[in-house]
Structure formats: structure tokens, C-alpha cells
Amino acid sequence: LLEVVWEALEHAGLPPQDLAGGDTGVFIGIGPDDYGRRLLEDLPKIEAWTGIGSAMCAAANRVSYALDLHGPSVAIDTACSASLVATHMACQSLRAGESGIALVGGVNLIISPGLSLTLESAGATAPDGRCKPFDASANGYGRGEGGAVLVLKRLSDAQRDGDRVLAVVRGSHISQDGRTNGIMAPSGTAQQKLLEETLRRSGVPASSVDY
């Protein structure tokens, strides 16, 4: 994750050392803790650094520590939506003036079979391992792994600094489905309300959005 953060800053034209001591925030979506569990279960090899090495908060905190960033440093676990919620929180921090720059991303590694077996037994994953969104043949999802990081600024600050702007986040919104017919089952009504509220807050008409 630290390497990907460095690459994102290079791509944005921001020398990492120039951020030291500033209010750059780090917001990382992270869920399964396969790596941490493996460390903590290997009892003969546990030592002083095992705790911080296995803690999910350290995914964000290590970036802040290594680059001497003094803004918020948060690891977010909301399951499949963790990276999107991290983006929402990063934008909120920028709007509030809490962070001048926000590093937002997500990371997932599959290095233990336990969670895959659990999801399979719950009927959440597709037998062929493939995602088929919005398709009648959809029968679960396929797990993936990797990491990605974005560098966010307020648009006015990016324009002032002459930054290359790749995209603009017009708005975001988060909510929970509440009680459904199963804790992993989504609510179509709640999802519809979420999209409507996001569009309203963003000032974007639904007719202009490509799905």
C-alpha cells in the first residue's frame, strides 16, 4: 500500500517529501484481515512488532508515519463498499478544511482460504468466480485482490496549483440498508433512495448519468 501511495503521488506530480508536517489525510478501505490472522496465529514467531503489523489501522497509519502526514489517518471497513466510503470520508474532510490533500484508496489480499470458504457456503460467491452485474445470469460475485490509491484535492486548490485534474467528484452519500431478508442481502428500496439522495446533493439530474 505504501508503494502504491508513492506511485499515486508521483503520478499527481506531488513530491512526497513536500507533504511532511502538513495536513494530508489518509483514508483506506480495508476489510479481510488474512495477513493479520496469519501473523497472530504463528505463535512461535510473535514479537514486538506483530501487533502493529497485524492491525488494520496500521494500513493507513503506516503511510502517515512514513511520510510524516499530520491529517486524519483512518482505516475503514464497511465490507464491499469500504473504498467508496473511504472516498466519501476523504471528500468530507476536504470540504471541512480538515485536510488539504487526501490520499484515498483500498486494498485487499486473499492469502487464506477461510473467508472464501465461508462466502461460498453462504451462497455469496459465483461458482465460476465471475461477477455478472445487472445480468439475469448473475449468481454471486468473484473475489478479487489488489490495491489502488487516488490523490484528492479541492477543485479550486488543484486549479490554483496548476494540477492535472483527471476527474471531479461532484458529490457522495452513504447509508445503510437496515433490516433486510438477510444481513448480506441488499435492499433495492434503500439503494434507490441512496442514489436519489446522492444525485440531489450533487445537483446532477438522473437523466444525465450513464449506468
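The values are calculated or read from the model by the stated rules, or taken from the named source; none is laboratory data. Everything numeric here is computed off the predicted structure, so don't read it as measured data. Here the Cβ is made from the backbone with ideal geometry for all residues, glycine too, and neighbour counts use every protein chain on show.
At a glance:
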| item | result |
| --- | --- |
| Options Glu120, Glu98; residue that is among the charged types (D, E, K, R) and outside the structural domain of Leu155 (by the TED database) | Glu120 |
| Hits in the range 62-76 (condition: buried (at least 16 other Cβ atoms within 10 Å of the Cβ) and either among the charged types (D, E, K, R) or within 17 Å of Arg170 (Cα to Cα) (or both)) | Arg62 |
| The lone exception for Ser187 - which of (1) touching a residue at least 40 places away in the same chain (Cβ under 8 Å); (2) over 24 Å from Val107 (Cβ atoms) it fails | (1) |
| Counted residues, the range 136-156 - those being of a type outside the set (Lys, Arg), surrounded by 13 or more Cβ atoms within 10 Å (Cβ to Cβ) and at pLDDT 95 or above | 7 |
